[in-house]
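Chemist: Dropping a structure here in structure tokens format, bear with me for questions.
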Amino acid sequence: MNFIYSWNADISFFHEEKEVLGFLCYNKKITGKEPAEREYIMSICNLCPRACKIERKISVKDKGNVGYCRSAMLPVISRAALHHWEEPCIAGSRGAGTVFFAGCNLSCVYCQNYEISEMRKGIEVSVERLREIYFELIAKGAHNIDLVTPTHYTHAIFQSLRDPLPVPVVYNCGGYESVHTVAFLRNKVQCWLPDLKYADSIAAARYSDAPDYFEKATAAIEQMFRQTGPYDIDSSGILRKGVLIRHLILPGQVENTKKVLEYVADTFAPGEVLFSLMRQYVPCGRAAEYPEINRPITDEEYEECESYMEELGIVDGYVQQKASSDKMFIPAFDGTGVLKREE
């Protein structure tokens, strides 16, 4: 199937065409289970390319160590709700069952979720509560469980997915992943939704403190594809398995975008992966400290990138409408859906 959808964050605008992970050890505190149930957590953290190799504390309330992500091991969630502003094959007609995790292994100065990625606003929950949240979202009609910025909580997520869910699991990440962590999630994650932010190491270092971003992200994306194979969209238009690569165009970074597009075109054949060329950049976070990105992208910048995408023959995926560049599409990180409601 070859197609390009034009989409907006607002669903009403959608086009009508349809080394190892670390030393593993048992810790009852995080799971509430007995060792005989063989549930394990990671002790020395090598989850992401930062490879902090520290023993992370279990709870934010504990004394102890945290790594670059500044997160303990129990997940902190900022919002869990149906989300209608993802790509059409993720959001569908009923919404994605989106779980927004606090914290991040990147430090993107322009992050639109800065309130939770850097300020880590959210509520700590147990692994059991995390799994309950999945089923509450499914009961509301979620097409999938969409885990947003999950990398630093992979150990808890793995345990929360010990038994399969009746809907696909979407791993919605910044792309700065380790191949071994992706492999660890084989058979747990059906749909991978990685960013591919940079091909330019200078931009990656300046804006996300990750000069090796392209090397690490592309290796991880190729592992994701090895695990899922070509994407599969069902008769209702929902992604059942596969990789959807996202790229957000940054102001003044057209050449960076072109290099990303070249990588995708050179690496994947039509019908193998989906690609989303995004224009929803809005200066957020600390963008005001970087004058060159403290503005929206121009029509000319987006059109040049879109034309290059077409020239390269990338035909599976999405382009985005100008109206998506608006802070109104940033959800309220107010703890919605995190705590269990009393019956």
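The values are calculated or read from the model by the stated rules, or taken from the named source; none is laboratory data. Here the structure is a predicted model, which is why all the values come from computation and not from measurement. No Cβ is skipped: glycine too gets one built from the backbone with ideal geometry, and neighbour counts run over all protein chains shown.
Chemist: Across segment 291-311, what is the number of residues that are surrounded by fewer than 16 Cβ atoms within 10 Å (Cβ to Cβ) and in a loop (DSSP other than H, G, I, E, B)?
Modeler: Here the count works out to 3.
Chemist: Which residues, counting only those in segment 139-168, are assigned to a loop (DSSP other than H, G, I, E, B) and among the acidic types (Asp, Glu)?
Modeler: The one that is assigned to a loop (DSSP other than H, G, I, E, B) and among the acidic types (Asp, Glu): ASP163.
Chemist: Now for a different question. Scan segment 233-250 for residues that are surrounded by 19 or more Cβ atoms within 10 Å (Cβ to Cβ) and either part of a loop (DSSP other than H, G, I, E, B) or among the hydrophobic types (A, V, I, L, M, F, W, C) (or both) and jot them down.
Modeler: Matches in segment 233-250: ILE238, LEU239, VAL243, LEU244, ILE245, LEU248, ILE249, LEU250.
Chemist: What's the number of the condition MET119 fails, among (1) surrounded by fewer than 17 Cβ atoms within 10 Å (Cβ to Cβ); (2) modelled with pLDDT of 95 or more; (3) within 28 Å of VAL282 (Cβ to Cβ); (4) not charged (D, E, K, R)?
Modeler: It is condition (2) that MET119 fails.
Chemist: Going by what's in this entry, would PRO194 be described as in a loop (DSSP other than H, G, I, E, B) and either in contact with a strand residue (DSSP E or B) (Cβ under 7 Å, 6 or more places away or on another chain) or of a type in the set (Gly, Ala, Ser) (or both)?
Modeler: Judged against the criteria, PRO194 is not a match.
Chemist: Let me ask something additional. Kindly indicate the residue of segment 76-116 that is β-branched (Val, Ile, Thr) and either out of contact with any Gly (no Cβ under 7 Å at 6 or more places or on another chain) or surrounded by fewer than 24 Cβ atoms within 10 Å (Cβ to Cβ) (or both) and also modelled with the lowest pLDDT among those meeting that condition.
Modeler: Filtering segment 76-116 for residues that are β-branched (Val, Ile, Thr) and either out of contact with any Gly (no Cβ under 7 Å at 6 or more places or on another chain) or surrounded by fewer than 24 Cβ atoms within 10 Å (Cβ to Cβ) (or both), the one modelled with the lowest pLDDT comes out as ILE116.
Chemist: Then there's this: Can you name the condition, by its number, that THR267 falls short on among (1) closer than 27 Å to ARG50 by Cβ; (2) buried (at least 18 other Cβ atoms within 10 Å of the Cβ); (3) of a type in the set (Val, Ile, Thr)?
Modeler: Unmet for THR267, out of (1) closer than 27 Å to ARG50 by Cβ; (2) buried (at least 18 other Cβ atoms within 10 Å of the Cβ); (3) of a type in the set (Val, Ile, Thr): (2).
Chemist: When LYS216 is evaluated against the numbered criteria (1) surrounded by fewer than 18 Cβ atoms within 10 Å (Cβ to Cβ); (2) in a helix (DSSP H, G or I), which criterion, by number, is the only one it fails?
Modeler: That leaves (1) as the condition not met.
Chemist: Still on this structure, please answer the following. Between GLU115, GLU132, GLU136, GLU86, which is among the charged types (D, E, K, R), part of a helix (DSSP H, G or I) and either in contact with an Asp or Glu (Cβ under 7 Å, 6 or more places away or on another chain) or under 30 Å from LEU250 (Cβ atoms) (or both)?
Modeler: Of GLU115, GLU132, GLU136, GLU86, the one residue that is among the charged types (D, E, K, R), part of a helix (DSSP H, G or I) and either in contact with an Asp or Glu (Cβ under 7 Å, 6 or more places away or on another chain) or under 30 Å from LEU250 (Cβ atoms) (or both) is GLU115.
Condition check ((1) touching a strand residue (DSSP E or B) at 6+ places or on another chain (Cβ under 6 Å); (2) at pLDDT 95 or above) across all residues:
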site: ALA139; (1), (2): no, yes
site: ASP146; (1), (2): yes, yes
site: THR151; (1), (2): yes, yes
site: HIS155; (1), (2): yes, no
site: ALA205; (1), (2): no, yes
site: LYS216; (1), (2): no, yes
site: TYR231; (1), (2): yes, yes
site: LEU239; (1), (2): yes, yes
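Chemist: Could you tell me which of the residues VAL260, VAL315, VAL282 is among the aliphatic types (A, V, I, L, M) and touching a helix residue (DSSP H, G or I) at 6+ places or on another chain (Cβ under 8 Å)?
Modeler: VAL282
Chemist: OK, next. Can you list residue pairs whose Cβ atoms sit under 6 Å apart, with the first residue in segment 317-343 being at pLDDT below 70 and among the basic types (Lys, Arg) and the second being part of a loop (DSSP other than H, G, I, E, B) and surrounded by 11 or more Cβ atoms within 10 Å (Cβ to Cβ)? Count only pairs 6 or more apart in sequence or on different chains.
Modeler: LYS327/VAL282
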